[in-house]
Amino acid sequence: MPVIWNCAEREVIASDKKRLIVDSFTRYRIVEPLRFKQRAKVMSNFENQLRTFMDSSLRAAAANFDFQDIVRDKRDELIEEIRKDINQKTKNFGVEVVDFRVRRADLPKENSEAVLSPDADRTSSRKPTVFAPMVSVLPCRSALLLTVMPPLSSPMRGGIQR
């Protein structure tokens, strides 16, 4: 029966020098219990080794793929390369890696905040756009129909900003 090992999120650098936070897990099974006992002695020793194997394999594989490949285009190839590498390293422990998966691969929090929030230089030169909706009431057969329309100067109406 396979065992699931969750690994903590870790930062890796893609081939295009972009940093990513990767959350992953692996499923493995002990195929040679005697060898496992001789090499690992206790489960915590193996888990520490597995964490090291996962980190090194993930970092090495990520260095061969760029950001877009890791996040979207070649994720399956990346996962398979990592699984094979970890499996090769765990053979000495009598363990077979059944599966390796990346739950999430995102930009670091600082990068995400910088992308999503405007910085001071950009906002100081522009006036903020205020949307004051116009409300109109149109009669309907059984009830009144309430519609909300953006002001004429709104970009949604194709107007000119002041």
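No lab work stands behind these numbers, since they all come straight from the coordinates. Everything numeric in this text was worked out from a predicted model, so none of it was measured. Glycine also receives a Cβ, built like all others from the backbone with ideal geometry; neighbour counts cover every protein chain displayed.
Figures for the structure shown
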quantity: Percentage relative contact order, segment 4-102, counting C-alpha pairs under 8 Å, at least six apart; calculated: 40
quantity: Isotropic mean projected area of the C-alpha convex hull, segment 1-84 (nm²); calculated: 5.7
quantity: Förster-model FRET efficiency, 30 Å R0, Q68 and E96, C-beta, rounded to 0.05; calculated: 0.40
quantity: Gained length - R103 relative to K84, 0.36 nm times residue gap less alpha-carbon distance; calculated: 5.0 nm
quantity: For D66, distant residues with modelled amide H under 5 Å away; calculated: S15
quantity: Computed label-point distance, nm, for sites S56 and I13 using a 7 Å Cα→Cβ extension; calculated: 1.9
